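This report concerns only the one structure given below.
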Amino acid sequence: HSAFPPEFEWGVDRLEWAILDNRPFLRCLHAHALDVYEQKLVQQSLSLFREQLSLNPSDNQGARAMALECLFRLKRWQEAFDLTMRYPDDILCETLYGRALALYLLDDNRLAKVALGGAVERRPLVRAELLKEKHRRPRPSSPLGVALGSAEEAYEYWQRYGRFWKKAPGALEWLRSAVKDSQVSE
């Protein structure tokens, strides 16, 4: 931070990813936030991910998914929902299913059902993975990384977020019944 010019206004000025000279700092900040998270300093890492999102709101690095994970670990459901709404057209399964789970935990059943419907429509393999009794890592679908919409993506979502669904009283039963309801209406 000391390298920034004095006229830089934190919380106002941006470091957009599209400007290549901004990427080293954004990468460093992201790596630092991940390191802090791995040390189980959840509140501190949340602050770092929020700083990253403030600097680069388009979030080309997926900091929103990590910030959301922090908020779920801290049981801050309203803030988790609010974060997902900053990205209403997001395609990340963390945001899609996170929105539904946050609304479920906030007891907003009507909106939770709508959010879940959208999540299941866009990422049906995630729903299937969450409802499995036994989870096995699938074979990589691409040598370039985890493909959107793949079984591998669903498995990785379950690894990071499955515990929140399991710990939320009745959430997996709600997911299962929502699936049955949608199959009846099809």
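The values are calculated or read from the model by the stated rules, or taken from the named source; none is laboratory data. Computed from a predicted structure; not experimentally measured. All Cβ positions, even for glycine, are placed from backbone atoms using ideal geometry, and neighbour counts span all protein chains on display. Heavy atoms of the whole protein, side chains included, go into the accessibility calculation; ligands, DNA and RNA do not. Shrake-Rupley method; radii C 1.70, N 1.55, O 1.52, S 1.80 Å.
Would you please name the residue that is nearest to Tyr161 (Cα to Cα), looking only at residues in region 70-85 that are surrounded by fewer than 22 Cβ atoms within 10 Å (Cβ to Cβ) and touching a residue at least 24 places away in the same chain (Cβ under 8 Å)? Before the answer, list the steps.
First, pick out the residues of region 70-85 that are surrounded by fewer than 22 Cβ atoms within 10 Å (Cβ to Cβ): 73-79, 82, 85.
Those left that are additionally touching a residue at least 24 places away in the same chain (Cβ under 8 Å): 73-74, 77-78.
Working: Arg73: 10, Leu74: 13, Trp77: 14, Gln78: 17 Å.
For region 70-85, the residue satisfying everything is Arg73.
For region 60-69, indicate whether the set of residues that are under 20 Å from Arg176 (Cα atoms) and either in contact (Cβ under 8 Å) with a residue 40 or more places away in the chain or open to solvent by 40 Å² or more (accessible area, probe 1.4 Å) (or both) is non-empty. No: zero hits. Hey, does region 109-125 have a residue that's more than 17 Å from Ile91 (Cβ to Cβ) and loosely packed, with under 13 Cβ neighbours inside 10 Å? Yes, region 109-125 has at least one match.
For region 126-146, the candidate set comprises residues that are within 16 Å of the chain's Cα centre (by Cα) and open to solvent by 30 Å² or more (accessible area, probe 1.4 Å); within that set, the residue that is farthest from Glu173 (Cα to Cα) is Val146.
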